[in-house]
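The values are calculated or read from the model by the stated rules, or taken from the named source; none is laboratory data. Here the structure is a predicted model, which means the values were calculated and not measured. Cβ atoms come from the backbone with ideal geometry, glycine included; neighbour counts cover every protein chain shown.
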Amino acid sequence: MTSCRVAIKKLTRPFSNDVNAKRAYREFSVLNLSNHPNIIRLLNAYTPQQTLDAFSDVYLVMEHMDFTLNQVIQLELDHKQISFLLCQMLRGISHLHRAGIVHRDIKPSNIVVNETCDLKIIDFGLARNIADAVMLSPYVVTRYYRAPEIILGIGYNANVDVWSIGCIFAEIITGQVLFRGRDPIEQWARIVELVGTPGPEFIGRMVANARTYVESRPRHQATPWETLFPDNCFPERQSGKHVKT
């Protein structure tokens with residue numbers, strides 16, 4: 001038997017109710033069907049219980065990685081490393097989207113990296129079929145990485161994953177969360193202050209209450225990218241810590 005380090009995720013009583021059962025099934029299904037270098041690989045799944053009556057827990061055995069992206073963001077990264085991380089995030093999410101899957105919870109803690117800067121996406125409990133996403137719950141995606149369509153409760157698609165990756169990319173560059181709202185209303189305000197008030201086409205997709213609220217707020221022009229991400233933002237991040245490539 002080959003000796004290797006693995007990560008084991010315990011699903012406690014995953015079939016105790018419909019919500020937990022569906023989440024466990026989605027995660028297992030996506031992991032079992034995905035075969036891509038930027039998606040975490042499922043190596044095995046088992047339960048320690050010996051009988052159906054005793055069955056309660058499921059363990060997912062997956063590849064071992066060294067860090068979450070939360071940890072990597074705190075390191076001193078150069079242009080090459082940042083570009084490599086972004087490329088891998090986009091490759092992984094593109095693979096999911098081509099398979100008809102929207103992740104719906106892309107955030108730094110759901111992305112893992114090893115010492116050689118290889119990156120993989122994890123945690124598929126909120127994943128859905130893209131065809132169904134338009135009518136799904138707005139209470140998905142951690143707030144800081146939540147797309148405007150989700151905040152406003154209008155129909156959304158796989159683009160919400162791309163928005164989340166964009167937020168993460170900005171965070172890698174600056175070392176700071178791009179849109180840090182304390183609640184959905186403040187989250188929307190932070191977005192508009194930076195990217196500007198949306199145009200009539202986007203506003204027209206909103207439900208009446210959301211449209212009234214958005215139109216009642218002060219209008220903002222988009223902040224130029226050169227202001228958000230000046231050329232000197234890289235030298236300013238001097239943590240003294242590095243990641244290998």
Name the single residue that is nearest to the chain's Cα centre (by Cα) among those in region 1-35 being of a type in the set (Ser, Thr, Tyr) and part of a loop (DSSP other than H, G, I, E, B). Ser34
Go through (1) at pLDDT 90 or above; (2) among the small types (Gly, Ala, Ser); (3) in contact with a Lys or Arg (Cβ under 9 Å, 6 or more places away or on another chain); (4) farther than 30 Å from Glu76 by Cα for Gly181 and report which single condition fails. (4)
Do we find a residue being touching a Lys or Arg at 6+ places or on another chain (Cβ under 8 Å), aromatic (Phe, Trp, Tyr), under 22 Å from Ala210 (Cβ atoms) and at pLDDT 90 or above anywhere in region 137-145? yes
Condition first: part of a loop (DSSP other than H, G, I, E, B), buried (at least 19 other Cβ atoms within 10 Å of the Cβ) and at pLDDT 95 or above. Can you find one or more residues in region 114-129 that meet it? yes
Give me the pairs: first residue in region 65-80 and assigned to a strand (DSSP E or B), second residue polar (S, T, N, Q) and surrounded by 15 or more Cβ atoms within 10 Å (Cβ to Cβ), beta-carbon distance under 9 Å, and six or more apart or on different chains, which are they? Phe67/Asn114; Thr68/Asn110
Are there any pairs with C-beta distances below 7 angstrom linking a residue in region 158-187 that is within 12 Å of Ile106 (Cβ to Cβ) to a residue that is assigned to a helix (DSSP H, G or I) and of a type in the set (Asp, Glu), with the two at least 6 apart or on different chains, and if so which? Val160/Glu149
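Tell me the residue from Leu75, Leu85 that is modelled with pLDDT under 95, surrounded by 17 or more Cβ atoms within 10 Å (Cβ to Cβ) and under 17 Å from Thr174 (Cα atoms), please. Walk me through how you get there before you give the answer.
Numbers: Leu85 fails: modelled with pLDDT under 95.
Just a single option satisfies the conditions, and that option is Leu75.
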If you check Asn157, Asn209, which single one turns out to be part of a helix (DSSP H, G or I) and among the polar types (S, T, N, Q)? Asn209
Does any residue in region 217-233 that is surrounded by 10 or more Cβ atoms within 10 Å (Cβ to Cβ) come within less than 7 Å, Cβ to Cβ, of a residue that is of a type in the set (A, V, I, L, M, F, W, C) and in a helix (DSSP H, G or I) six or more places away or on a different chain, and which pairs are these? His220/Val192; Ala222/Val195; Thr223/Leu194; Leu228/Leu194; Phe229/Ile173; Cys233/Ile173
If you go through region 9-16 one residue at a time, do you hit one that is of a type outside the set (A, V, I, L, M) and in contact (Cβ under 8 Å) with a residue 60 or more places away in the chain? no
Among residues of region 1-34, those that are hydrophobic (A, V, I, L, M, F, W, C), within 23 Å of Arg91 (Cα to Cα) and at pLDDT below 85, counted: 1
Please specify each residue of region 43-54 satisfying the condition of being of a type in the set (A, V, I, L, M) and either in a helix (DSSP H, G or I) or out of contact with any strand residue (DSSP E or B) (no Cβ under 6 Å at 6 or more places or on another chain) (or both). Leu52, Ala54
Considering each residue of region 177-214, count those that are under 24 Å from Lys120 (Cβ atoms) and either over 17 Å from the mean Cα position of the chain (by Cα) or of a type outside the set (Val, Ile, Thr) (or both), and give that number. 1
Please verify whether Ile172 is modelled with pLDDT under 90, buried (at least 16 other Cβ atoms within 10 Å of the Cβ), assigned to a helix (DSSP H, G or I) and within 22 Å of the chain's Cα centre (by Cα), treating the condition exactly as stated. no
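Is there a residue being at pLDDT 85 or above, among the polar types (S, T, N, Q), within 25 Å of Ser94 (Cα to Cα) and surrounded by 13 or more Cβ atoms within 10 Å (Cβ to Cβ) anywhere in region 35-45?
Taking region 35-45 and keeping what is at pLDDT 85 or above, we get 35-45.
After this cut, where a residue has to be among the polar types (S, T, N, Q) as well, the list is 35, 38, 44.
With the extra rule that they be within 25 Å of Ser94 (Cα to Cα), the set shrinks to 35, 38, 44.
When the remaining residues are screened for being surrounded by 13 or more Cβ atoms within 10 Å (Cβ to Cβ), the result is 38.
Yes, region 35-45 contains a residue that is at pLDDT 85 or above, among the polar types (S, T, N, Q), within 25 Å of Ser94 (Cα to Cα) and surrounded by 13 or more Cβ atoms within 10 Å (Cβ to Cβ).
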How many residues, within region 12-42, are over 17 Å from Ile121 (Cα atoms), out of contact with any helix residue (DSSP H, G or I) (no Cβ under 6 Å at 6 or more places or on another chain) and among the aromatic types (Phe, Trp, Tyr)? 1
